[in-house]
Amino acid sequence: MLTLDRRFLLMAVAAGLPAVVVALILLWTGSHPNPIKWAVTVLTVTLWLGCTYGLRERIARPLRTISSMLAALRENDFSIRARGASIGDPLSAVLFEVNLLADTMRTQRLDAQEATALLRAVMAEIDVAIFAFDHIQRLVLVNGYGERLLARPAAALIGRTATDLGILAALRADAGVQDISFPGGSGRWEARRRKFWQGGQPHEMLVLADVSQPLREQEREAWQRLIRVIGHELNNSLAPIKSIAGSLNALMGHPSPPEDWRDDMQRGLSIIGSRADALGRFTTAYAQLARLPAPNVKPIEFAPFMRRIVALETRLPIEIGESPEVTVRGDSDQLEQLLINIFRNAVDAARETGGGVTTRWILTDGSLEVRVEDSGPGIQSTGNLFVPFFTTKPGGSGIGLALSRQIAEAHGGSLNLSNRPDTRGARATLTLPI
């Protein structure tokens, strides 16, 4: 098997051989040989062989250099550079381009290393467990939080299957909050999964975030708000009941009660009865808010549905703006209660300033957006709008907006209240999926 150098040598010899043969034939034809012809012959052959070897070196050496550089690049060695690289001739231009390729690959490698180092630093600092599995559910990546969660170092975890690690249930379960116990801790975890590809094979990433503490804080805040509201309502009713009961007890124990003691007893008992009724209404309202049934979803022709609800409000005419004909799916009874609450609040606000109420609906991003705008005084504080049992209206129950938002979210939508940006008044925006 001939090497590359020998092939180039034979090609150079073959390329120059015809010219040398012709020169020798012309040189030796005619007179007899003499020392001058011998000298010329030797010189010609020497020049031929010298040019042949020079041509071989001129082609083979750059090719050997290119081969060495490409081998180094394959081994991720980007330190080798070719000398004599320029754009003057084709081989020098090839060397120049290989040098540029080595520079580019070196820069890309440094960028990748820096990005990887940054990613590892971020993964090491975040309080989230990250696990990456290959196509046969073997662990290929874990961060520091994951190591602490499994109570083993990464070297003892990499290559183990999800079953061996005890996290197969978390890997297969639906995304959301799960109660999971690990060797390094237990609690409520929010699980998220993502698919990605590496080396032509599908991989899966599992991210576990401990939400026990935030959920406990939210639950504690919710209980505190509920206790404050219930305590406020109970005090409002029990304080006068206690006071009146004490007065009636003193009246009954008086040795000589006044002549109108029966009237006092009747008024006192009437007040006690009214406060008991108020407590009953409070508990009924709370039960209504806490036990909202799941929506009975059916198709609803929205335009006639809205016209019927608007007609129920007789205190103030409500103007319906230009709106499309559209069909939505929802519980007509629950949505009717939601819209009645919104229209009632809008009319109450508009009557304070002598203004009006308008409504219209539009289609946007696959959703139906219903807007109810009033010309009232606007919203002074939005912090307690949807807090159950909070109300600024005399005799209000404080559950209308909270119940309305709960109905909207049960339908996969949302309910928001804000001040109108262009003029005085408030705007209620109900969004429902189509």
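Values in this text are rule-based calculations from the coordinates and carry no lab data. Fair warning: this is a prediction, and the values are worked out from it, not measured in the lab. FYI the Cβ positions are ideal-geometry reconstructions off the backbone, even for glycines, and counts take in every protein chain you see.
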Legend entry - Residue order, fewest to most surrounding Cβ atoms within 10 angstrom, among MET123, MET69: MET123, MET69
Legend entry - ³J(HN,Hα) computed for each position of segment 146-158 - Karplus, 6.51 cos²θ - 1.76 cosθ + 1.60, integer Hz, glycine/proline x: x, 4, 5, 5, 8, 6, 8, x, 4, 4, 8, 9, 4
Legend entry - segment 126-210, relative contact order in percent, only Cα pairs under 8 angstrom and at least six apart counted: 31
Legend entry - Highest to lowest packing among 184-195, 344-355, scored as the average C-beta count within 10 Å: 344-355, 184-195
Legend entry - Per-residue Cβ neighbour rank within 10 angstrom, fewest leading, ILE342, ILE136: ILE136, ILE342
Inset, instruction - With a/c under 1.5 counting as rounded, go ahead and sort segment 108-160 into rounded, prolate or oblate using the C-alpha gyration tensor (a ≥ b ≥ c being the square roots of the eigenvalues; past the cut-off, prolate if a/b is larger than b/c, else oblate). - result: oblate
Inset, instruction - Subtract the Cα-Cα distance of ARG172 and GLU114 from 0.36 nm times their separation in residues, and report this length gain in nm to one decimal. - result: 17.5 nm
Legend entry - Inverse mean reciprocal Cα-Cα distance (Kirkwood Rh) of segment 298-433, Å: 15.1
Legend entry - Cα gyration tensor shape for segment 126-210, rounded if a/c is under 1.5, else prolate or oblate: oblate
